[in-house]
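The values are calculated or read from the model by the stated rules, or taken from the named source; none is laboratory data. None of these values were measured; they are calculated from a predicted model. Here the Cβ is made from the backbone with ideal geometry for all residues, glycine too, and neighbour counts use every protein chain on show.
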């Protein structure tokens, strides 16, 4: 819906530089009318630091602990924003948070879905300590794996090592990596991430379904798998939909992100699917296939403890069964 306010989730491990980035973003004219929800149990002096950057037309709301009470505190805070007609919402999670519960709240509350739409997940990674965090902390790995944009912070202190950039590319080859010096970055580089922006849908679909990039992905960091499945022949929605429902019901906790564009039998327009763990948006029709697109079905999966072969074999089996006389 046209009056839905876009929501950006800003995450990243402890000390990565989320607050610095948020401060710089809020000073930008393009962020006029934005609302900010932060974890009041975050870094010392967070509210004071944020208040210095907030414009008169920007609303700052502490939201409590997003990681343990997201279903209540976050939903209530967002409902309170509805009458204010904010231009967009930024949610800063604690450094130890899993972004998935925040996404699930946005995708499961019918009232919130009428007024807000998930625009994307922006993950801040420390160029100095990011590699160590990824080695030691599963939360840091999940934050990167689920990101739509990755911001490299503290690049004024040290250039990001090649090992870190390689690690980020392996965990999430579809997310652009953007360097920021002292949090200085234009909002436009981080906003409008997903296929939700009607004016930019075809552009974004191409970006996050770049098969060449995802083709390089495989199993990395032990439990995290990232890959793109491509199907040349049109798929049967009954088969694919049933298989996805089965995966959601039995292995939903392992589906960190699922984004896909489908060429379905009986449909001349592309169908977009998008989900996080147990929560999936209703399939959505794009206006048309991107110019020059091969019209193949491509589904990006970022999973934990769930390998490519299991998903691919299941989708093919259900598709065949649905096509059988």
Can you tell me which of 121, 185, 110 is within 25 Å of residue 36 (Cα to Cα), without any contact (Cβ under 8 Å) to a residue 60 or more places away in the chain and not assigned by TED's automatic domain parsing to the domain that holds residue 248? 110
Of everything in the stretch 268-278 that's in contact (Cβ under 8 Å) with a residue 24 or more places away in the chain and in a loop (DSSP other than H, G, I, E, B), which residue is surrounded by the most Cβ atoms within 10 Å (Cβ to Cβ)? 270
Among the residues in the stretch 196-216, are any crowded, with 17+ Cβ neighbours inside 10 Å and modelled with pLDDT of 65 or more? no
Residue 128 - would you say it is over 15 Å from the mean Cα position of the chain (by Cα), outside the structural domain of residue 278 (by TED's automatic domain parsing) and either closer than 14 Å to residue 11 by Cβ or surrounded by fewer than 24 Cβ atoms within 10 Å (Cβ to Cβ) (or both)? yes
Those residues that are surrounded by fewer than 24 Cβ atoms within 10 Å (Cβ to Cβ), under 19 Å from residue 5 (Cα atoms) and in contact with a strand residue (DSSP E or B) (Cβ under 6 Å, 6 or more places away or on another chain), I need them from the stretch 23-40; list them, please. 35
Kindly indicate the residue of the stretch 282-309 that is in contact with a helix residue (DSSP H, G or I) (Cβ under 6 Å, 6 or more places away or on another chain) and in a loop (DSSP other than H, G, I, E, B) and also surrounded by the fewest Cβ atoms within 10 Å (Cβ to Cβ) among those meeting that condition. 305
Note down all Cβ pairs under 7 Å where the first residue falls in the stretch 300-320 and is at pLDDT 90 or above, the second is part of a loop (DSSP other than H, G, I, E, B), and they're at least six residues apart or on different chains. 319/236
In the stretch 135-163, anything within 15 Å of residue 16 (Cβ to Cβ), surrounded by fewer than 22 Cβ atoms within 10 Å (Cβ to Cβ) and in contact with a helix residue (DSSP H, G or I) (Cβ under 8 Å, 6 or more places away or on another chain) is listed as 149, 160
Pick from the stretch 238-265 the residues that are touching a strand residue (DSSP E or B) at 6+ places or on another chain (Cβ under 6 Å) and touching a residue at least 60 places away in the same chain (Cβ under 8 Å): which of them is surrounded by the fewest Cβ atoms within 10 Å (Cβ to Cβ)? 259
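How many residues are on the phi > 0 side of the Ramachandran plot, more than 17 Å from the chain's Cα centre (by Cα) and buried (at least 24 other Cβ atoms within 10 Å of the Cβ) when one looks only at the stretch 4-16?
Going residue by residue through the stretch 4-16, those that are on the phi > 0 side of the Ramachandran plot are 12, 15.
Still in the list and also more than 17 Å from the chain's Cα centre (by Cα): 15.
Applying the additional criterion that residues be buried (at least 24 other Cβ atoms within 10 Å of the Cβ) yields none.
Counting residues in the stretch 4-16 that are on the phi > 0 side of the Ramachandran plot, more than 17 Å from the chain's Cα centre (by Cα) and buried (at least 24 other Cβ atoms within 10 Å of the Cβ) gives 0.
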